[in-house]
Each structure stands twice: as structure tokens, then as C-alpha cells.
1. Could you tell me which residue out of A:Ala48, A:Val276, B:Gly71 lies farthest along the dipole of the protein assembly as shown toward its positive end? Charges go on the beta carbon: Lys and Arg +1, Asp and Glu -1, centred on the Cα centre.
2. Can you figure out the FRET efficiency of A:Lys136 with A:Ile252, using R₀ = 41 Å and their beta-carbon distance, to the nearest 0.05?
3. For segment B:180-185, in order, what is each residue's ³J(HN,Hα) by Karplus, 6.51 cos²θ - 1.76 cosθ + 1.60 with θ = phi - 60°, in whole Hz (x at glycine and Pro)?
4. Based on the alpha-carbon set only, what is the convex hull volume of the protein assembly as shown divided per residue, in Å³?
5. Efficiency by 1/(1 + (r/R0)^6): what FRET value for A:Lys278 and B:Phe16, r their Cβ-Cβ distance, R0 = 22 Å, to the nearest 0.05?
6. Calculated FRET efficiency, A:Lys236 and B:Leu79, Cβ-Cβ r, R0 30 Å, to nearest 0.05?
7. Loop-only check: which trypsin sites (Lys or Arg not before Pro) in segment A:129-199 are DSSP coil with at most 11 other Cβ within 10 angstrom?
8. Would you mind ranking A:Thr216, A:Thr184 by Cβ crowding within 10 Å, fewest neighbours first?
Amino acid sequence: MRRFITPPGIRRVTGLVLVTTLALSLVGCSTPSTPATIAPKVSDVILASTTSTQDSGLFDALIPAFEKDNPSFKIKVVAVGSGAALTLGEKKDADVLLVHSPAAETAFVAAGSGTDRKPVMYNDFLLVGPASDPAKTKGTTSAVDAFKKIAAAKATFVSRGDNSGTYTKELSIWASATVDPTKTTDPWYVSTGAAMGVSLGIANEKRGYILVDRATWLTNKDKDPELAVMVEGDKKLFNSYHVILIPGARNIAGGKAFEDWIVGPAGQKVIGEFGVAKYGMQIFVPNAGASS
Amino acid sequence: MHVYTQAIAEAFSLIFSGSGDVWPVIGLSLAVSGTATLIATAIGLPVGYFLGMSRFAGRGSLILLVNTAMGWPPVVIGLFVYMALSRTGPFGDLGLLFTPQAMVVAQVILAAPLVAGVTTAAIASVPRDLRLQLRALGASRLQEAFEVIKESRRGVMAAVIAGFGGIISEVGAVSIVGGNIQGSTRVMTTAIVFNVNRGEFGLAMAWGMVLLGIALVANAALTMLQQAGSVYER
């Protein structure tokens, strides 16, 4: 009985057809970029922002609303940590920043790398931890005291360990508690270098304490059943977001348009309404016009 | 096991859901890596041919460089390209940062050494007697090159497949130079990292399955081309 082998001619043709189809799909499916020179009517605005604003889904609400009011601009969000966003601004690879690392931002503006720093919105950080609460932090009103208890009990604490706004806030609380866990070789301090969602997962696995912004907590807490809120409401846990313009950026007009819109009534309205239907509370509280 | 079958099911529903985000991401992955493979072949094939055929002092060192470059880390190349394309860099005024074009550039740098390296090995394994025979029959340099490449076409196709395979699944370079921007520079690999960072592991797994499936189809096409005619060979 002869085995049927596909004749090589047919195989060659099939192969060529498949490859050609794939090659044509390169042309068909690729999203064309719109460089400003070819489509002068719509220009790209690079917004460097933080992972917490993106992961909360805020941009899914903000960007379409902005582009509706400003059809000549298209926002492209590059979401990295606040530290990385500030670096992008320094290198003028971004046109406008939306970040939450106040000390670093002030230094950034003082160095001349940014201008027109304006408050946009705020929410707060929470200290969450394992239900068993080995450091007895639950209900402590002061975040600094809670951190001291954790250090004293050598309870597992998970840190972002990157230059994100969350990490800088965490370091400032440790500084006020006069504890420096970054120098310690004790294994209770776990530095992940990872994003908030991943770090929360690690805290969940290791039954550790972790500082998290309210927006990420709300959207992730169902995935992290071992963790619960331990400390909230302390003024020190205030998390404020600012928008900053970059002098000498590629699209100064676009950056300005975004800043004006987001601190204006339209942008503030979108921020104020965000998440209310789903979570029953504001995820970000708009506060443009407040003193920085 | 349930986790994996669930991921495969989610992968299929991702593709056929008609969700606005999915097909542009897949299309962009194929467009960027496909274009980069084509350009990398245009560069790597002649280099590989030259290295495979010629004998000259320093050939060994050049081959060493190519082989080392085959394994250079994507994220480091991404960083180099970012530095070059950044506004504070030498090519900043081109405005290529955070565009698919920048991603193609980075991936060409990654794939070209792969194509060159494998081609070198393929060409070098062609018997030297064939060259002599071709010259004796009056072949010009170009005809000789054509025949030698035809003779080693299996290896050359393997070089293209290696180039494509290396870049379709890399994430370091495209993340840094592309920025994973929704709607313009998000590809399958950066989408996976994005979902992992948000703790959406199920969705990330589904994307992973999609990526593997697409890579399988693309390689099936290339392999069919490679294996055509094998029935006539011992």
C-alpha cells in the first residue's frame, strides 16, 4: 500500500501562499502610527504616568473624554513608575506628566526639568496586612506607629523597592519611624521591585504587610483574600497626584491642552465620577486649585 | 490542569470575542516582528554568506562576534535603541521613540545576528567541491552564490525561522522603545506583562496561548517552505 505524500510542488505552493498571506497581513493589520508630519490635524501627546493611575482604569475614562473635547490631540499613555516617568520628563521624551511622588516632583521642578506643577486629584494609601496581624497594627491611627510595630515584631513587610510614588511614601514613613529596613539583612523586609498588583500578590502569598494605594486595593482585593485593611485615614497616608509640563518637549501645545483640561471642570468631573458606580465611592478625589 | 484548560478556553474567546483591543495587538506583533525578520534576513543573509564562504584573517573573531550577538539580551538592546532615539540622543529629532518603527529597529538588531549566525553555519557546511564544480562549469560569482544558497536552503530557512522565533516572543526591547501604549505600540508580549503586573493572570495566560498559537502558525508556514521537496532526498 502506497503512503500518500503531499507532492513537493503542492507543499511549496501552500507554504508560499501561507507566507504571502502572513506578509500581506503585515500591511493590513498593522495599526498605522500618525506622525505629526503626515497628519498635521492630529498630533500625538505623550503622557508619562504611573501604574496606579493606569491599573485603576482611570485612563480608560479620562482619555476618550479629553480627546472628545480636544480632537486635534491624541494621548499616548506610557505607564511606568513615578520615578521612571520623571526620568522620561528629564529626557524630554514625554510631553506631560501625571505622577504622585511629591518630594521627587519638587526637586524635578526646582532643577528646571518641569514647569506648571498643579494638583489634580488625591486619594490615600492603606496599610494592609494578614488577618492574623502578628504586629497588632489593626486600628492604629498613626501609620508611623504601625510601621514601628512591624519593625519591632519583625513581621513580614513587602516593599515595592522601585522608585514609584508608593515606594517613596513608604520610605518617608520609615524615616519618620526612624527605622531603616533597607539596610537590614533580616528577611522580614521583602523588596520586590515589582508593580503594585504583583507586589500585592506576593504579600498575599507571604502573609505580609504592604502599603497600597486605595485605587489598586479596591480593584485587587478580591484576588488577595489573605489581606485586610489595617491602617487608614492617617494624614501621612495622603496620596496626591500632580500634573507637570515639560519645557522643550515635542508637543508643548498638546501637553498644555491636557493640563488645562484635567485641572478644568471637564477633567475634574470625569475624575470625580470615576469608580463611583462600581465601588460606591470615589477612587480619586479631584482637587485642582488646592495649594500644592 | 484546570487552570491551563481554562486559559486555552479564554484564549479562544479572546480571539473570537471581537473585542476591539485583541486583533490590533496581534496584528501589530506580526507586523513588527515580520518586518523586522525581513530586514534582518536582508542584512543577515549576505553577511552569513560572506562569513560562511570566505577565508580571511580575523574570520574566526568575526564569527565569534556574530555568535555572541545572537544571544545579546533584548532588554539591553532596547535600552541602547532608546538612548539613541531619545530626544536627548543622537537620533532624537526623528521622533521615532514610542512608535512601531522604533520597535522594528530594535528587533532587527536582535534578529540580524541570529540570521547571520545560522546562515554562516549552513553555508560553511556546503561542500567546497561544489564551488569548484560550479566555477569549472563557468558560473559567475552571483550564480555561484545563488547555487550555494539553494544547496543550503534548509539551513537558510532555519536561519529565518530562528530570527523570527527569537523576536516574536521577546518583550524587553519592545517594552522600552515602544512603551506598551494602548492603541499604538502594544504587542502580545507587552500585553502579557501588562496583565501580569495588574494581577490578571488568567488573561495573561490566555494571551500566552494566543502568542504560542500564532507562533505555531507562522512557523508552520515557514517550515512547509523549508521541507518542500524532502521526498526527493535521501
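1. Result: B:Gly71, furthest along the dipole toward the positive end.
2. 0.20
3. Each residue's phi maps through the Karplus curve to give 6, 7, 4, x, 9, 10 Hz.
4. 204
5. Calculated transfer efficiency: 0.25.
6. So, using R0 = 30 Å, E works out to roughly 0.25.
7. Loop-located and lightly packed - A:Lys183.
8. Arranged by neighbour count, lowest to highest, A:Thr216, A:Thr184 become A:Thr184, A:Thr216.
Bear in mind that the values in this text are calculations on the coordinates, not laboratory data. Computed from a prediction, not measured in an experiment: that's the story for all the values here. Note that we place each Cβ from the backbone using ideal geometry, even for glycine, and neighbour counts take in every protein chain shown.
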